[in-house]
Amino acid sequence: MVMIREFEEAVHEEFSAGGIPGFVHLYAGEEASGVGICMHLNDDDYIASTHRGHGHCLAKDCDEHAMMLEIFGKKDGLCGGKGGSMHIADLSKGMMGANGIVGGGPPLICGAALTAKTLKTGGVAVAFVGDGASNQGTVFESYNLAKVLNLPAIFVVEDNGYAEATSSKYSVAGSQVNRGKGFDIPSVEVDGSDFFAVWEAAREAVERARAGGGPSLIHSRVLRYYGHFEGDAMTYRPGDEVSKYRAEKDPLMLFRRRVTEAGLLESGDLDEIERKTKDRIAQCVVEAKAAPQPTEADLLTDVYISY
Amino acid sequence: MAKKSYRQAISEALRQEMERDHRVIVMGEDVAGGAGAAGEQDAWGGPLGVTKGLLPQFGRERVIDTPITESGFIGAAVGAAATGLRPVADLMFVDFMGVCFDQIFNQAAKFKYMFGGKATTPVVIRTMYGAGFRAASQHSQCLYNIFTHIPGLKVALPSNPYEAKGLMIQAIRDDDPVIFFEHKAMYDMEGEVPDEAYAIPFGQANVTREGDDATIIAFGRMVNFANDVADKLSKEGISCTVVDPRTTSPLDTETILETAAETGRVVVVDEAHPRCNMATDVSALICQEAFDKLKAPIKMVTAPHAPVPFSAALEDLYIPSMDKIEAAVRAVTGKSH
């Protein structure tokens, strides 16, 4: 969670400074959700992500250094500078990609779950979608397909309250949980700022999937600290919304309070993790800035056919 | 060699590849047919029976009927391909691709490039195309041109049973996404097909006739029309080279340019609509690379720029006919009746 936070804060700063090209969508504030889910997964389990994919990548153990280079569009980035922020992927880690298409991931995850089922790998596949994507037909088709074929698939609707700039209160009819239940898929709502709540819901869903019990849905209510994209002035949000979130519901703060109060971890140890992570990310930024750009020779590699 | 239909040839390719590699699965609407219904065991095998017989041999785990949700199951096939299976998904009619095009051109086609070469997507999407079935506007289009336009897709257009088996086997063994176009009016066409498995490499055109007077480059079902025209004209002493590119992506530009240059007179036959199709593409290629070898303007024979009509009388006029191809050859060669 700390890694995601530091990574996103650094990307936010670098984008503001003009060093990062293109579109960037930050995950800061939603850390407990991605981490609470992905802690149950290993490299043989797959996830498909959203526009807001950095957090999912890191939670799935993608290399932060290669990710930073990718976001800067550099040759040695995780995807050779050809994917960028919106398409970061690492299949070797079971990360099937952030997706530039809203609702693009759930059908792909049905496929990954079908592979797991057919080859009997014991793997599960998780589709993260936002509240915006939850209205796409692909998502409903995937609920249906996953249920009909009894696939080890988990759908996580990360609802940060806004589909771009449009409130989910306006754009989502009914409830996410009822949508899942409509397909006879076990569906729960969790406070996505609460790592332990997410972790527990995910444990159940993952166990069910691995045991052949079919798909699950988790409606994770999360908070988005930044705009839909970097540079978004967020004119649609009340002025104090983010500051209130940060003061009252910050997932890192909630986690720290819970584990120190329970005597599980020392505050000083957590400080040390934060300091080290900050340094590591700062180093990644320095290296990403200095890293070489791809060249013309890279333009036509990895197309299947060149003319 | 045994005579087999186009339908049998494709079915045999699927069966042999499923026997060879347990990762090959078949999925789509009614590919078995009757899932959950009383007549479940090997009911349909697709609306035209191409996959009939696969269910009893391979079971429901590998012959998977899906709901009629093309975005969902085509996307699932793409996801399964990216994670270790080799799915052959049936899009049934290419006309239905509108609702799942995103999964094909934004996902399947881009994974390898977008992910820095670290992904393969060995999915085959079978689909029916073409007019002649009285199936009207929403079940008769060609549309292979659209897929050909997208980098990251391979597009196969088998013109007879032999080609169908060899190209399908290649498609399944290929590590990249392949859109496999089957002309619905050819399923009963018979031809010699070896029993053993064989793959026809992509991007290698087949020269089906050789001649000196004109080169006819034709696609898919139109290759057969072109062959018949060439046979007919040869009796009058007009000899034609006929080129079947087999795949529109990759396209064998070398053979096309060579054969065009040899005769200097070119007719391109494409069942698709006339704008931005394979005929215009190939004509532009020849004009760019071999203009100095041309002895006459290139002629294109295509369908008109209209949806496919239902009326038999109209549909027959719609499809590029042998008469039109013959007229085009006569025009470029300057040899009238």
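With all protein chains present and a 1.4 Å probe, how do A:Trp199, B:Trp44 order by accessible area, largest first?
Of A:Trp199, B:Trp44, the descending order of accessible area is B:Trp44, A:Trp199.
Could you check which residue among B:Lys232, B:Lys295, B:Lys118 shows the biggest mean-square fluctuation in a GNM of chain B with a 10 Å Cα cutoff?
B:Lys118
Taking the Cα centre of the stretch A:1-146 as the origin and placing charges on Cβ (Lys, Arg +1; Asp, Glu -1), which of A:Cys110, A:Gly53, A:Met3 is farthest toward the positive end of the dipole?
Toward the positive end, the furthest listed residue is A:Cys110.
Counting C-alpha atoms alone, how compact is chain A: give Rg to one decimal and Dmax as a whole number, in angstrom.
Cα-based Rg and Dmax for chain A come out at 19.0, 64 Å.
Taking all pairs of distinct Cα atoms, average 1/r, flip it, and tell me the Kirkwood hydrodynamic radius of the stretch B:111-266 in Å to one decimal place.
Across the stretch B:111-266, the inverse of the average 1/r is 16.6 Å.
At a 10 angstrom cut-off on C-beta neighbours, averaged per residue, how do the peptides A:248-257, A:63-72 rank from highest to lowest?
A:63-72, A:248-257
Can you run phi through the Karplus equation (6.51, -1.76, 1.60; θ = phi - 60°) for the stretch B:277-288 and list ³J(HN,Hα) in whole Hz, with x for Gly and Pro?
Calculated HN-Hα couplings, in order: 10, 5, 5, 5, 5, 5, 4, 5, 4, 5, 5, 6 Hz.
Normalised by the empirical 2.2 N^0.38 Å for globular proteins, what value does the Cα Rg of the stretch B:208-267 take?
My calculation over the Cα atoms of the stretch B:208-267 gives 1.05.
Counting only DSSP beta bridges with both residues in the protein assembly as shown, tell me the antiparallel percent, nearest 5.
Percent antiparallel among DSSP bridges in the protein assembly as shown is about 15.
Average the reciprocal distances over every distinct pair of alpha-carbons in the stretch B:167-209, invert the result, and give the Kirkwood radius in Å.
The Cα-based Kirkwood calculation yields 12.5 Å.
B:Met27's amide H: which non-local residues (gap 5+, or another chain) put their own amide H closer than 5 Å, with H modeled 1.01 Å from N in plane and none for Pro or chain starts?
B:Ile64, B:Val88, B:Ala89, B:Asp90
Where is the GNM fluctuation largest for chain B (alpha-carbon springs, 10 angstrom cutoff): B:Ala108, B:Ala313, B:Ala82?
Comparing B:Ala108, B:Ala313, B:Ala82 in the GNM, the peak value goes to B:Ala313.
Among the listed pairs A:Lys244/B:Lys110; B:Lys3/B:Lys110; A:Lys117/A:Lys278; B:Lys112/B:Lys324; A:Lys244/B:Lys118; B:Lys184/B:Lys299, which have their C-alpha atoms separated by more than 32 angstrom in this model?
A:Lys244/B:Lys110; B:Lys3/B:Lys110; A:Lys117/A:Lys278; B:Lys112/B:Lys324; A:Lys244/B:Lys118
Thinking of the stretch B:51-151 as a set of Cα atoms, what percent of all their pairs are more than 24 Å apart?
28
Take every DSSP beta bridge with both residues inside chain B and express the antiparallel ones as a percent of the total, to the nearest 5.
20
Which residue, A:Glu274, A:Glu296, A:Glu200, tops the fluctuation ranking in a GNM of chain A built on C-alpha contacts under 10 Å?
A:Glu296
List the residues, sorted by chain then number, that are 5 or more residues from A:Val190 or on another chain and whose placed amide H is less than 5 Å from its amide H.
Answer set, sorted by chain and number: A:His219, A:Ser220, A:Arg221.
Calculated FRET efficiency, B:Phe101 and A:Glu266, Cβ-Cβ r, R0 41 Å, to nearest 0.05?
My answer for the efficiency is 0.15.
Taking each residue of B:80-92 in turn, how many C-beta atoms of other protein chains fall within 10 Å of its C-beta, and what is the average?
Counting Cβ atoms of other protein chains within 10 Å of each residue's Cβ and averaging gives 5.
Take peptide B:115-127, look around each residue's Cβ out to 10 angstrom, count Cβ atoms belonging to other protein chains, and average those counts.
5
With a sphere of radius 13 Å drawn around the Cβ of A:Pro107, what net charge do the other residues whose Cβ falls strictly inside it have (Lys, Arg +1; Asp, Glu -1)?
-3
Could you compute how much accessible surface B:Thr69 exposes when probed at 1.4 Å, giving the result in Å² to the nearest 10?
It works out to around 20 Å².
Short version: ³J(HN,Hα) in whole Hz for each residue of the stretch B:122-129, in order, from phi by Karplus 6.51 cos²θ - 1.76 cosθ + 1.60 (θ = phi - 60°), x for Gly and Pro, what are they?
Values, residue by residue: x, 10, 10, 10, 7, 7, 9, 9 Hz.
B:Lys154's amide H: which non-local residues (gap 5+, or another chain) put their own amide H closer than 5 Å, with H modeled 1.01 Å from N in plane and none for Pro or chain starts?
Amide H neighbours of B:Lys154, under 5 Å, 5+ apart: B:Val178, B:Ile179.
From the helices alone, meaning DSSP H stretches of at least four residues, give me the mean residue ellipticity at 222 nm for chain B, per-run term -39500 (n - 2.57), in deg cm²/dmol to the nearest 500.
The helix-only estimate for chain B comes to -10000 deg cm²/dmol at 222 nm.
Within the set of other residues whose C-beta is less than 11 Å from the C-beta of B:Ala135, count the net charge using Lys and Arg as +1 and Asp and Glu as -1.
Overall, the nearby charge balance is 0.
Tell me, what HN-Hα J-couplings in whole Hz come from the Karplus equation 6.51 cos²θ - 1.76 cosθ + 1.60 at θ = phi - 60° for each residue of the stretch A:222-230, using x for Gly and Pro?
Values, residue by residue: 10, 10, 10, 6, 10, x, 4, 10, 5 Hz.
Considering only C-alpha atoms, what is the centroid distance from the stretch B:251-326 to the stretch A:206-240, in Å?
52
Within a 10 angstrom radius of each residue's Cβ in B:63-72, how many Cβ atoms of other chains show up on average? Whole number is fine.
6
Return the FRET efficiency for the residue pair A:Met253, B:Ala313: r is the Cβ-Cβ distance, R0 is 60 Å, and the value is rounded to the nearest 0.05.
E between A:Met253 and B:Ala313, to the nearest 0.05, is 0.20.
Rounded to the nearest percent, how much of the accessible area of chain B (1.4 Å probe, protein heavy atoms only) is carbon and sulfur?
For chain B, the apolar C and S fraction of the accessible surface comes to 53 percent.
For B:Arg7, what accessible surface area do you get with a 1.4 Å probe? Give it in Å², rounded to 10.
Rounded to the nearest 10, the figure is 60 Å².
Send over the Kirkwood Rh of the protein assembly as shown, from the inverse of the averaged 1/r over different Cα pairs, rounded to one decimal Å.
When all Cα pairs of the protein assembly as shown are included, the Kirkwood radius is 26.5 Å.
Give me the net charge of A:Ser92's neighbourhood, meaning all other residues with Cβ under 14 Å from the Cβ of A:Ser92; Lys, Arg count +1, Asp, Glu -1.
Value of the local net charge: -3.
Averaging sequence separations of C-alpha pairs under 8 Å and six or more residues apart, then dividing by the length of chain A, give the relative contact order as a whole percent.
Relative contact order comes out at 22 percent.
Debye sum, Cα scatterers, the stretch A:64-176, no solvent: what log₁₀ I/I(0) at q = 0.22 1/Å?
Taken in order of the listed q values, log10 I(q)/I(0) reads -1.12.
May I ask you to derive the FRET efficiency for A:Asp184 and B:Gln138 from their Cβ-Cβ distance with R0 = 30 Å, giving the value to the nearest 0.05?
It comes out at approximately 0.35.
Considering only chain A, what is the antiparallel percent among its DSSP beta bridges, to the nearest 5?
Within chain A, antiparallel bridges account for around 10 percent of the total.
Return the Rg/Rh ratio of chain B with Cα-based radii and a Kirkwood Rh.
Reported Rg/Rh (Cα atoms, Kirkwood Rh): 0.98.
The values are calculated or read from the model by the stated rules, or taken from the named source; none is laboratory data. Since the structure is predicted, the reported quantities are computational estimates derived from the model, not experimental observations. Backbone-built Cβ (ideal geometry, glycine too); neighbour counts: all protein chains shown. Side chains included, ligands, DNA and RNA excluded: accessible areas come from the protein's heavy atoms. Shrake-Rupley method; radii C 1.70, N 1.55, O 1.52, S 1.80 Å.
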